[in-house]
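The structure follows.
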């Protein structure tokens, strides 16, 4: 019904803006989505610097006149600092000792001095500790700090979903676009193929493959892409198919434009709207899928921090509520942010004006 | 229209073959299959025995492999690994004869016939004669060519001694309704699946029913009150429901109400109470017990489709309400009630009706997650467990059932769509 309404243009400069710029401005006015976007971007960017904030390794150690940077340099055995512990130096204990004995050595710990991997074998850690000032979200069944694992898992989950989405988009746009644009035999063969592929229960197939080859991060992405490219391909095929029959494509072709140019310069920008609005929801799906796979034990290999695995352990220790609530909460907050972004993006890119005619 | 659906039905066949062939091949090529696992199990058993019995040398002499050649052959035959993959697939489908009841025989050089034992018949040892005719072997039973037994050579020694095998054939597989025998349960797959199938169906049907009964009215109300506080608050709830997968929510419920750290209201899982308690209950008690166990899983089940369904209904109705025919209906002077409930609603349920085929798949196949969280021995958990156990007959049967349901579900969706929306014509 929008044709019946004259849209008021507040700012005359808006007329000359590109459509994407206009959409971005519109997105900015959707407060909920926009702030979610900013929060998520900042959190994700910060999560790459997590070893600086949440780590069991000291940022800076001054020992016998030398400076060490364990958080960056990595592993130092305890003997290095004359500490009697098996394996890696225990910086929290070290700090205490030096302070108590008034020695000249000192060290700077990260603000949250627990790592995602150190477990009960490190002195001072205990299993099933409820949340406290020390361990904000308690510890799990092997004495690992839940909060630290939660934060590291955040980075892994988002990275997983982003890489997966981008891969899926590349495959979907190229194959789906070609199917819709060229049609004919190519289209027919792939359509059959897609029909076969989409009749398979995806999760089941992923589990079968993952049970045969124990996947790491990238293999898991590969497996997931292998079974999951269908959806996007089909969407793009329909988009290209529709756009191809429009007049502007015929015009471009009649002017002697090459196929490549028509595809990338003319059709693609016009068929991106549904793909872009779908993006955040794809991310939601991929994050949930990773959590699910990890929960079933077919995801990332065990010591990797992941919400699904934490949930699995948590549900095996039902009386330790923090082990269940933490991963579910983290997943919930993250997904909620993404959903808010998705809602804003949809509103900006594909606005639906509902007018009640009454 | 009929031709369209007929064509769709026929197209199901190549799709079915394609999808099962893919998974079948993956399973057969996978290392660590049932054959390797059995061999390993036997070897480990033999090694343990060897240690206690002071390790007799001839067990370990075969270069690490404790299995004698004949036992390995037997195992391979049992799992069908003595055939190429395409034959195994056809056998599994039930269009290629399967060899059963193998009996070995040996033919010394120069001889052309040998008597082989073929098991028992009428309480007596059944002997048949294997006759060699060039490279062909035939079986003679009581003077005539046997109708059930066949023979073939397997290996020929350097001196010309032939080691062969007589066998019977049968053609039975997926096509003939034989889903095979489970390795882990030692029972026909259909029997293993039946009770679990019922459990999943129970949850699926109740869950689906509940979500429809809540979502459709809620969606309608939200559309009619678009922009009101009610719309806003219910939207928030929907966002929350969308952001936690149903099964994870189920886990949270278990912690909250399962008696671990908070309230002890609901049991920690299972389909109903353990058998000892269950058997002693009266009918009424059984119903209550069942409900008591079912509430949390069903809630978790329906919450998964809650957001999508409500939004679909709401947007469908909103979109229809802004159409020209609604304007016309209002212009004619119809009451709002009539316009909404008769004109708009009917058009808005179309997308929901067309989703019914997809729902059928979910209903029947169950959910690995919810069944795992609530420890319910359902259909989904069976399939998941079968992968873990490398129980190929169950894995494949699970796949067959899910694929067929999906294919049929798609067609049902189209039929439903054509039924509710007379404008749609499939050609």
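The values are calculated or read from the model by the stated rules, or taken from the named source; none is laboratory data. All values reported here derive from a predicted model rather than from experimental measurement. Every residue, glycine among them, receives a Cβ derived from its backbone with ideal geometry; neighbour counts consider all protein chains shown.
Among the residues of the range B:198-209, is any within 14 Å of chain A (Cβ to nearest Cβ), surrounded by fewer than 21 Cβ atoms within 10 Å (Cβ to Cβ) and under 30 Å from residue A:315 (Cα atoms)?
Among the residues of the range B:198-209, not one is within 14 Å of chain A (Cβ to nearest Cβ), surrounded by fewer than 21 Cβ atoms within 10 Å (Cβ to Cβ) and under 30 Å from residue A:315 (Cα atoms), which makes the answer no.
Closer than 23 Å to residue A:208 by Cα, more than 9 Å from chain B (Cβ to nearest Cβ) and in contact with a helix residue (DSSP H, G or I) (Cβ under 9 Å, 6 or more places away or on another chain) - does that describe any residue in the range A:313-335?
Scanning the range A:313-335, I find at least one residue that is closer than 23 Å to residue A:208 by Cα, more than 9 Å from chain B (Cβ to nearest Cβ) and in contact with a helix residue (DSSP H, G or I) (Cβ under 9 Å, 6 or more places away or on another chain), so the answer is yes.
Which one of these does residue A:340 not meet: (1) buried (at least 16 other Cβ atoms within 10 Å of the Cβ); (2) under 27 Å from residue B:368 (Cβ atoms); (3) within 9 Å of chain B (Cβ to nearest Cβ)?
Exception for residue A:340: condition (2).
Here is a list: A:229, A:197. Which entry is within 8 Å of chain B (Cβ to nearest Cβ) and touching a helix residue (DSSP H, G or I) at 6+ places or on another chain (Cβ under 9 Å)?
Matching residue, one of A:229, A:197: A:197.
Right, another one. Just need a number here: residues in the range B:15-30 that are under 15 Å from residue A:207 (Cα atoms), more than 7 Å from chain A (Cβ to nearest Cβ) and surrounded by fewer than 14 Cβ atoms within 10 Å (Cβ to Cβ).
Of the residues in that region, 0 qualify.
A further question follows. May I ask you to list pairs of residues, at least six apart or on different chains, whose Cβ atoms are under 6 Å apart, with the first in the range A:287-300 being facing chain B (nearest Cβ under 10 Å) and the second being outside any helix (DSSP H, G or I)?
A:288/B:245
Would a scan of the range B:111-130 turn up a residue that is exposed (fewer than 13 other Cβ atoms within 10 Å of the Cβ), modelled with pLDDT under 75 and closer than 30 Å to residue B:24 by Cβ?
Looking through the range B:111-130, none of the residues is exposed (fewer than 13 other Cβ atoms within 10 Å of the Cβ), modelled with pLDDT under 75 and closer than 30 Å to residue B:24 by Cβ.
Quick one: which helices (runs of 4 or more DSSP H) sit completely within the range B:336-401 and have at least 1 residues that are in contact with a helix residue (DSSP H, G or I) (Cβ under 8 Å, 6 or more places away or on another chain) and facing chain A (nearest Cβ under 10 Å)?
It comes to B:356-365, B:368-373, B:379-389.
Then there's this: Among the listed residues B:223, B:241, identify the single one that is more than 10 Å from chain A (Cβ to nearest Cβ), assigned to a helix (DSSP H, G or I) and crowded, with 18+ Cβ neighbours inside 10 Å.
Answer to the selection: B:241.
Now for a separate question. Among the residues that make up the range A:311-329, is at least one of them touching a residue at least 24 places away in the same chain (Cβ under 8 Å) and under 18 Å from the mean Cα position of the chain (by Cα)?
Yes, that holds for at least one residue.
Might you check whether a residue that is free of Cβ contacts under 8 Å to residues at least 12 places away in the same chain and either over 36 Å from the mean Cα position of the chain (by Cα) or surrounded by 11 or more Cβ atoms within 10 Å (Cβ to Cβ) (or both) occurs anywhere in the range B:159-178?
Checking the range B:159-178: not a single residue is free of Cβ contacts under 8 Å to residues at least 12 places away in the same chain and either over 36 Å from the mean Cα position of the chain (by Cα) or surrounded by 11 or more Cβ atoms within 10 Å (Cβ to Cβ) (or both).
Turning to a different aspect of this structure: For residue A:148, which of the numbered conditions (1) in a helix (DSSP H, G or I); (2) more than 14 Å from chain B (Cβ to nearest Cβ); (3) more than 23 Å from the chain's Cα centre (by Cα) fails to hold?
Among (1) in a helix (DSSP H, G or I); (2) more than 14 Å from chain B (Cβ to nearest Cβ); (3) more than 23 Å from the chain's Cα centre (by Cα), the lone unmet condition for residue A:148 is (3).
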